[in-house]
Amino acid sequence: MIYYPVPAHRQKMFEEFGSASTDLPITDWLTHRVISLPIHTEMDLEQLEFITKTAAEYLTSKSN
């Protein structure tokens, strides 16, 4: 899941500060590349293996 599909400086709630025109190229670049994995302290091994396998398959498919 991508939690912040729009970086903070481009969000409507910050419009009054004029931040949408601020040049933050690394933030904009990361917005399209950072994902959040479902991880918590109560996960069992089967859930962890599923998430790990699925993420690895996705990354492998993107590199081909």
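The values are calculated or read from the model by the stated rules, or taken from the named source; none is laboratory data. Model, not experiment: these values are computed from the prediction. Neighbour counts are summed over all protein chains in view; Cβ atoms, including those assigned to glycine, are modelled from backbone coordinates with ideal geometry.
Couple of notes before you dig in:
- Residue match in the stretch 27-36 (condition: in contact (Cβ under 8 Å) with a residue 12 or more places away in the chain and among the acidic types (Asp, Glu)): yes
- Residue count, the stretch 1-49 (criterion: acidic (Asp, Glu) and either closer than 19 Å to LEU59 by Cβ or touching a strand residue (DSSP E or B) at 6+ places or on another chain (Cβ under 7 Å) (or both)): 1
- Single residue of the stretch 46-64 satisfying the filter (of a type outside the set (Ser, Thr, Tyr) and exposed (fewer than 10 other Cβ atoms within 10 Å of the Cβ)) that is nearest to the chain's Cα centre (by Cα): LEU59
- The lone exception for MET43 - which of (1) outside any loop (DSSP other than H, G, I, E, B); (2) modelled with pLDDT of 90 or more; (3) surrounded by 10 or more Cβ atoms within 10 Å (Cβ to Cβ) it fails: (1)
- Subset tally (residues that are among the aliphatic types (A, V, I, L, M) and farther than 15 Å from TYR4 by Cα) for the stretch 25-41: 1
Per-residue answers, yes or no, for (1) of a type in the set (A, V, I, L, M, F, W, C); (2) assigned to a helix (DSSP H, G or I); (3) at pLDDT below 90:
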position	(1), (2), (3)
ILE2	yes, no, yes
HIS9	no, yes, yes
ALA20	yes, yes, yes
ILE26	yes, yes, no
VAL34	yes, no, yes
LEU37	yes, no, yes
PHE50	yes, yes, no
ALA56	yes, yes, no
LYS62	no, yes, yes
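- Cβ-Cβ distances below 6 Å connect the following pairs, each with a first residue in the stretch 1-22 that is farther than 30 Å from PRO38 by Cβ, a second residue that is in a helix (DSSP H, G or I), and a separation of six or more residues or different chains: SER19/HIS9; ALA20/ARG10; THR22/HIS9.
- Test for THR27: is it surrounded by fewer than 12 Cβ atoms within 10 Å (Cβ to Cβ), hydroxyl-bearing (Ser, Thr, Tyr) and under 18 Å from the mean Cα position of the chain (by Cα): no
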